[in-house]
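Since the structure comes first, as structure tokens, the remarks are kept for the end.
The values are calculated or read from the model by the stated rules, or taken from the named source; none is laboratory data. None of the values given here were measured: they were computed from a predicted structure. Reconstructed Cβ throughout: ideal geometry from the backbone, glycine too, with neighbour counts over all protein chains shown. In case anyone asks, the SASA skips ligands and DNA or RNA and just uses the protein heavy atoms, side chains included. Shrake-Rupley method; radii C 1.70, N 1.55, O 1.52, S 1.80 Å.
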Amino acid sequence: MSAVSYADVGGVNVSTWHYIDGARVPSPDSFPVLSPIDQREIAQVASGTAAEVSLAVSAAEAAFDDWAALGARGRAEYLYRLADLIDANVESLAIVECEDAGMMLRPLRAYVAAFGAVNFRAFADMALAQTETGWSYNGSKVRVQRMPAGPVGIITSWNAPIVISTWKLAPALAAGCTVVLKPSEWAPLTCSMIADLAGEAGIPAGVLNVVQGLGREVGEALAADERLTRLSFTGSSRTGRAVGQTAANNMVPCTIEAGGKSPLVVFADADLDAAAKTAAFQYDDAGQMCIAGSRLLVEESVAAEFLTLLGKHTDAHVVGNPRDPETTVPPLIHPDHLARVSGFVERAVAQGDTLLRGGRSLGGLLYEPTLIKPRSNDAEIVQEEVFGPVLTIQTFSDEDEAVRLANSTRYGLAGMVFTRSADRAERVGRAIRSGIVWVNAFNLRDASAPFGGRGMSGVGREGGQYALDFYSDLKALYIKEDTTYED
Ligand code: NAD
């Protein structure tokens, strides 16, 4: 049994038990949560099993009809209140996310933690703006209705837990679904705080449930629960595949937001300094961003100049403690992840790739910004997601080769293109096969726009109407126009 139901994390009390049917629920076992900052144990969190998952799905099932019946307006009132509470608790959320996930405190305080509120407001607004369409057909009126799908399961990753969990919770709840959320065991604490804030906002018991625990236990049990009507997953491609297989088995629609190996393409006509600055920015958050442009593709004629500029911007990074406002490259999440990242670099060097910069651990879970020139495009370091502060750099001689290299991995989450040519922006932007392309920019995110990947980067789209549709069953309702009804 988790002895203590709360952990003091940087002075903030965080519940370490599950949140099921509006109440805190313990488990016989617990698992330790280590802070990436110093690998100190900051909490013992209830380690759920299939039993707690089943309880939570039952609660979500029981709460569904009333939540659905509230309609978009009724639900929006709750979601706006939750957004206000997130805003009022940004400081606590920022502190805990920094300690728990190792993310940088300054941007968390400035805007990242508040994204939770942004997401709840945006999706409540979008659900309110939805209208039913209808037309006459063959003596009938046909109407397209959106029905909330039912209880849904959401499984999330350890990077950016507030942003990613609310990005999924907000459209699910706004569309009228009830939710069982399983956060990552490596950073489970801010999701627990959001559950408390949902309770404080008056969101009825059972509408939002959080079951903590390990992937192989809670994640698998949640994905397999046949009462769920949708599954939404963010995490690695490998786990995404397993979750997708389970979903297919149960005939449950799923979205899978998985890994990336996105290209950042720099043409000779680009603003090279801006391109190099954006390239160096890919080391932020220690490169633990799914959308990171981790493959730099640079036109041969400007490669030397670009490398110099990239060196200048990389030098400006500060690797260190995420509590320190100067830090831009915080620690990796977990010792296992550090071993994975350094393993990639060691294998690359052993296999004949050239280490241009970095490649060393700096103590604790800190890792140097690293740049590798691969021996070929087939190298593992080019083809596989590292999810750390490790970039590769390759050159191309013309636009065709740039596009061919950009599209040469199994992933397809994002892409960045730097050019001053509007025509090339159109051509290359269209030719890159990924869910998002930014031209002369990075990480612009409009909640109304689709987000997702192709290939090993995932299945389906989140964001805007795409997310609301995912959490809804579409129904065509035909009512004959010339029927005389009798009471
Ligand atoms: P992961 O796949 O190890 O874990 C993700 C979640 O799945 C965790 O909650 C975990 O407990 C759970 N899980 C593990 N095994 C499971 C199983 N067998 N069945 C069901 N659930 C299981 O991923 P991670 O290491 O937490 O996250 C990093 C990955 O997430 C990276 O690949 C990154 O690119 C990706 N990511 C993608 C996006 C996106 O939007 N595309 C966003 C953030 C992170």
### Residue match in region 287-296 (condition: modelled with pLDDT of 95 or more, among the β-branched types (Val, Ile, Thr) and away from the ligand (no atom under 13 Å from the Cβ))
no
### Contacts under 6 angstrom Cβ, first residue in region 247-266 being free of Cβ contacts under 8 Å to residues at least 12 places away in the same chain, partner near the ligand (Cβ under 9 Å from one of its atoms), 6 or more apart
none
### Message
I'd like to know if region 194-203 contains one or more residues that are closer than 23 Å to residue 458 by Cβ and either open to solvent by 20 Å² or more (accessible area, probe 1.4 Å) or within 7 Å of the ligand (Cβ to nearest atom) (or both).
### Response
no
### Message
Would you confirm, using the coordinates I've provided, whether residue 33 is under 23 Å from the mean Cα position of the chain (by Cα) and either surrounded by fewer than 20 Cβ atoms within 10 Å (Cβ to Cβ) or under 22 Å from residue 166 (Cα atoms) (or both)?
### Response
yes
### Close pairs (7 angstrom Cβ cut-off, 6 or more residues apart or separate chains): small (Gly, Ala, Ser) in region 334-357, open to solvent by 30 Å² or more (accessible area, probe 1.4 Å) anywhere
342/361; 348/380; 352/375
#### Entry: Considering residues of region 448-461 that are open to solvent by 20 Å² or more (accessible area, probe 1.4 Å) and not in a strand (DSSP E or B) only, the residue farthest from the ligand (Cβ to nearest atom)
448
### Query
Which of the residues spanning region 434-444 are within 16 Å of the ligand (Cβ to nearest atom) and surrounded by 15 or more Cβ atoms within 10 Å (Cβ to Cβ)?
434, 435, 436, 437, 438, 442, 443
### Task
Within region 241-263, track down each residue that is near the ligand (Cβ under 7 Å from one of its atoms) and either open to solvent by 20 Å² or more (accessible area, probe 1.4 Å) or farther than 9 Å from residue 223 by Cβ (or both).
242, 257, 258, 259, 260
### Query
Can you tell me which residues in region 387-403 are part of a strand (DSSP E or B) and either among the small types (Gly, Ala, Ser) or under 30 Å from residue 337 (Cα atoms) (or both)?
390, 391, 392, 393, 394, 395
#### Entry: Only one of 469, 423 that is among the acidic types (Asp, Glu) and touching a strand residue (DSSP E or B) at 6+ places or on another chain (Cβ under 9 Å)
469
### Query
Can you find even one residue in region 264-281 that is surrounded by fewer than 24 Cβ atoms within 10 Å (Cβ to Cβ), assigned by TED's automatic domain parsing to the domain that holds residue 426, aromatic (Phe, Trp, Tyr) and more than 16 Å from the ligand (Cβ to nearest atom)?
yes
## Note on the structure
Here the residues within region 225-240 that are aliphatic (A, V, I, L, M) and near the ligand (Cβ under 10 Å from one of its atoms) are 231
